[in-house]
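S.K.: Below is the structure I would like to discuss, written out as C-alpha cells.
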Amino acid sequence: MGPHRSSVLSLYRKMLRESRKFDSYNYREYALRRIREAFRQNMNETNEQQIYTLVEDAKNNLQIIQRQVLIGSLYPSKKLVVEDPELKCHKFSDIEDHRQKQRNNYETINR
C-alpha cells in the first residue's frame, strides 16, 4: 500500500517550510513555485507504484533543499528591494539614502 494522504501532505508542508528558509529571494521563490507545481501536477495520481516513486523523489528533494539552505546560510546575501519592507513604496532617492545608511552601519560594525 502506498503512502497515506496525510503523510504526503506532511511532506508537502515540510518542503514548503524548508524552502522558506532560503536566504536568496530567487532560490526561495523558485523552490516554492516548483514544489507547488509538482504536487498539483500529481495530485490526481492513482497508480500506487507511481505515487510511491513520487514520494521517494520528494523526500530526496527535501534533503537537497535542506542541504542547500544550510550552504546558502553560510554565504548570506543582501536583501533585494522586493524583500525589504522599509523600501517598498518609496522614491528612488529614499532607497539610495537607506542603502547608504546600511553601508555606514556595515562599515561601523566591521571596523
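S.K.: Considering only the range 1-18, how many residues are within 15 Å of Asp57 (Cβ to Cβ) and in contact with an Asp or Glu (Cβ under 8 Å, 6 or more places away or on another chain)? Full working, then the answer.
M.R.: Pass one, the range 1-18, residues within 15 Å of Asp57 (Cβ to Cβ): 2-3, 7-8, 11-12, 14-15.
Keeping just the survivors that are in contact with an Asp or Glu (Cβ under 8 Å, 6 or more places away or on another chain) gives 2.
Qualifying residue count, the range 1-18: 1.
S.K.: Could you grab me the full set of residues in the range 11-45 that are of a type in the set (A, V, I, L, M, F, W, C) and part of a helix (DSSP H, G or I)?
M.R.: Of the residues in the range 11-45, the ones of a type in the set (A, V, I, L, M, F, W, C) are 11, 15-16, 22, 31-32, 35, 38-39, 43.
Result: Leu11, Met15, Leu16, Ala31, Leu32, Ile35, Ala38, Phe39.
S.K.: List pairs: first residue in the range 56-79 and under 16 Å from Ser10 (Cβ atoms) and assigned by TED's automatic domain parsing to the domain that holds Arg34, second residue surrounded by 15 or more Cβ atoms within 10 Å (Cβ to Cβ) and among the hydrophobic types (A, V, I, L, M, F, W, C) anywhere in the structure, Cβ distance under 6 angstrom, at least six positions apart or on different chains.
M.R.: Note: pairs meeting the criteria are Ala58/Leu11; Leu62/Met15.
S.K.: Pairs only if they're at least six apart or on different chains, beta carbon under 8 angstrom, first in the range 19-48 and within 16 Å of Leu62 (Cβ to Cβ), second modelled with pLDDT of 90 or more and aromatic (Phe, Trp, Tyr); list them, first residue then second.
M.R.: The qualifying pairs are Arg28/Phe22; Ala31/Phe22; Ile35/Tyr12; Phe39/Tyr12.
S.K.: Is there a residue being exposed (fewer than 15 other Cβ atoms within 10 Å of the Cβ), farther than 20 Å from Glu83 by Cβ and not assigned by TED's automatic domain parsing to the domain that holds Asp84 anywhere in the range 11-30?
M.R.: Yes, because at least one residue in the range 11-30 is exposed (fewer than 15 other Cβ atoms within 10 Å of the Cβ), farther than 20 Å from Glu83 by Cβ and not assigned by TED's automatic domain parsing to the domain that holds Asp84.
S.K.: Only residues that are among the polar types (S, T, N, Q) and modelled with pLDDT under 95: list them for the range 1-41, please. Reasoning before the result, please.
M.R.: Filtering the range 1-41 down to residues among the polar types (S, T, N, Q) leaves 6-7, 10, 19, 24, 26, 41.
Selection gives Ser6, Ser7, Ser24, Asn26.
S.K.: Still on this structure, please answer the following. When only residues in the range 46-81 that are in a helix (DSSP H, G or I) and small (Gly, Ala, Ser) count, which is modelled with the highest pLDDT? Steps first, please.
M.R.: As a first pass, look at the range 46-81 and keep what is in a helix (DSSP H, G or I): 48-74.
Then keep just the ones that are small (Gly, Ala, Ser); that gives 58, 72-73.
Numbers: Ala58: 97, Gly72: 90, Ser73: 89.
Checked the range 46-81; the qualifying residue modelled with the highest pLDDT is Ala58.
The values are calculated or read from the model by the stated rules, or taken from the named source; none is laboratory data. Note that this is a predicted model, so its numbers are computed, not measured. Counting neighbours? That spans all protein chains shown, and the Cβs are built from the backbone with ideal geometry, glycine included.
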